[in-house]
Each structure stands twice: as structure tokens, then as C-alpha cells.
Amino acid sequence: METLLGVLMGVGLAAACGFRVFLPLLVLSIAAKTGHVPLAADFTWIAGTPALVALATATVLEILAYYVPWLDHILDAIATPAAIFAGVFATAAVIPDLAPALRWSLAMVGGGGIAGAVQGATVLTRLKSTATTAGLANPVVASVEVVGATVTSVLAIVVPVLAVVAVIAMLAIVFALTRRILFGRRA
């Protein structure tokens, strides 16, 4: 059961990494430091003060940078592979007691896959926002992404099952809307 909860927590954190790369890792660091999340043995350093300070600094810089009009698109190009890596990392960090090959396979497929899917949805949303509002709505998109990353990260720690259900529902809605935008209404 502990392994299943770890996988669900990891997938929830990975989804949050699709919204923002560093914020979910900061939440994980805080939760691990306060003893709320057990980490895999080779990831215990995440609970240390240097990691906490580095992640807090990176989180603040990332959040602020997304409010700069031209920088948000540059960040999306960098954030896509970074989000996938962070999703793999976060998932591997919270899956205890599995053979390394299985843990990393689950982390790459589950964590990397969901982080990439969420990041792809955010990139499409930002592109649509830029195209329809000349970028004026991009700060709203950035704010929604921060809220999404925060809520998803906290849910992943507190109620991992609910976090995964919420992520699946959100992705289903985004994919349905994307399909409607790209292909028009189907009768």
C-alpha cells in the first residue's frame, strides 16, 4: 500500500511540475523536512536546508519570470524538458522500497509522461492566450498555473488519490477543449 501511495503521490507531484517546475519540488522539500513525506533513501537530501533554500529561490524566480510578456514563451521552451525531468525526479523521490529499475521505469513513464502532458496543455493554453489577446491575458494564465501547481502539489501530499483523479479530470477537459479548438465542433 505504501508503494501505491508513493506512486500516486509521485504522479500528482509530476502533474504539478507540468504547471511549474520548481514549486512542486519546494512543496515536496517542505513536506519531507517536516516529516510528512518519506523519501526514497537516495533522495533524503531534498529535506535538507540547502535544498529548501535553493528550491524556494528557484520557485520565486520562476513564478516572477512568467509575468514578463516575452520571457514566458522562452521559459515554455525551456520548461517543457525541465518539467518532464522534474516529474521523473519527484516521482522517483517518493516511491520507496522498489528495485531501482522498477522505480525509475515507473518514474519515467508515469511521472515524466504526466508532467509532459500537463506542460503541453499549459503551452497550448499560453499560445492560444497570446494569439487571441496579444498576450494581455498571459498573466492570468500564469496565475492559474501557479494556483494549479500549488493545489495539485498539496493534494498530492495530503490526498494522493484525489490529486490523481483531479489531474485526470483536468487533462480530459483540456484535451476535449483542445480538440474542439483544433478540429471544430463535431456533430
The condition from (1) on the phi > 0 side of the Ramachandran plot; (2) crowded, with 19+ Cβ neighbours inside 10 Å that Ile114 misses is numbered (1)
- Query: Going by the structure shown, is Ala131 without any contact (Cβ under 8 Å) to a residue 40 or more places away in the chain and either surrounded by fewer than 19 Cβ atoms within 10 Å (Cβ to Cβ) or in a helix (DSSP H, G or I) (or both)?
  - Reply: yes
Residues of the stretch 16-31 being without any contact (Cβ under 8 Å) to a residue 60 or more places away in the chain and small (Gly, Ala, Ser), in sequence order, are Ser29
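Conditions tested, residue by residue: (1) under 14 Å from the mean Cα position of the chain (by Cα); (2) at pLDDT below 90; (3) within 22 Å of Val7 (Cβ to Cβ).
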site	(1), (2), (3)
Ile95	no, no, yes
Leu98	no, yes, yes
Val109	no, no, yes
Ile114	yes, no, yes
Ala117	yes, no, yes
Ala121	yes, yes, yes
Thr125	no, yes, no
Ser129	no, yes, no
The helices (runs of 4 or more DSSP H) lying wholly within the stretch 1-117 that contain at least 1 residues that are within 30 Å of Ala137 (Cβ to Cβ) and touching a helix residue (DSSP H, G or I) at 6+ places or on another chain (Cβ under 7 Å) are 2-19, 22-33, 49-65, 71-94
- Message: Being part of a helix (DSSP H, G or I), touching an Asp or Glu at 6+ places or on another chain (Cβ under 8 Å) and among the basic types (Lys, Arg): is that true of Arg126 here?
- Response: yes
Contact list, first residue from the stretch 109-128 and under 9 Å from Ile84 (Cα atoms), second anywhere and surrounded by fewer than 19 Cβ atoms within 10 Å (Cβ to Cβ) and β-branched (Val, Ile, Thr), beta-carbon distance below 6 Å, six or more apart or interchain, is Gln119/Thr80
Tell me whether the stretch 36-59 contains one or more residues that are under 15 Å from Ser153 (Cα atoms) and of a type in the set (Phe, Trp, Tyr). no
Residue pairs within 9 Å by beta carbon, gap of at least six or interchain, first lying in the stretch 39-62 and free of Cβ contacts under 8 Å to residues at least 40 places away in the same chain, second in a helix (DSSP H, G or I) and loosely packed, with under 13 Cβ neighbours inside 10 Å, listed first then second, are Asp42/Pro100; Ala51/Trp45
By residue number, the members of the stretch 134-168 that are not hydrophobic (A, V, I, L, M, F, W, C) and not in a helix (DSSP H, G or I) are Gly135
task: Report yes if Asp42 is at negative phi, surrounded by 13 or more Cβ atoms within 10 Å (Cβ to Cβ) and of a type in the set (Asp, Glu), otherwise no.
output: no
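The values are calculated or read from the model by the stated rules, or taken from the named source; none is laboratory data. All values reported here derive from a predicted model rather than from experimental measurement. Here the Cβ is made from the backbone with ideal geometry for all residues, glycine too, and neighbour counts use every protein chain on show.
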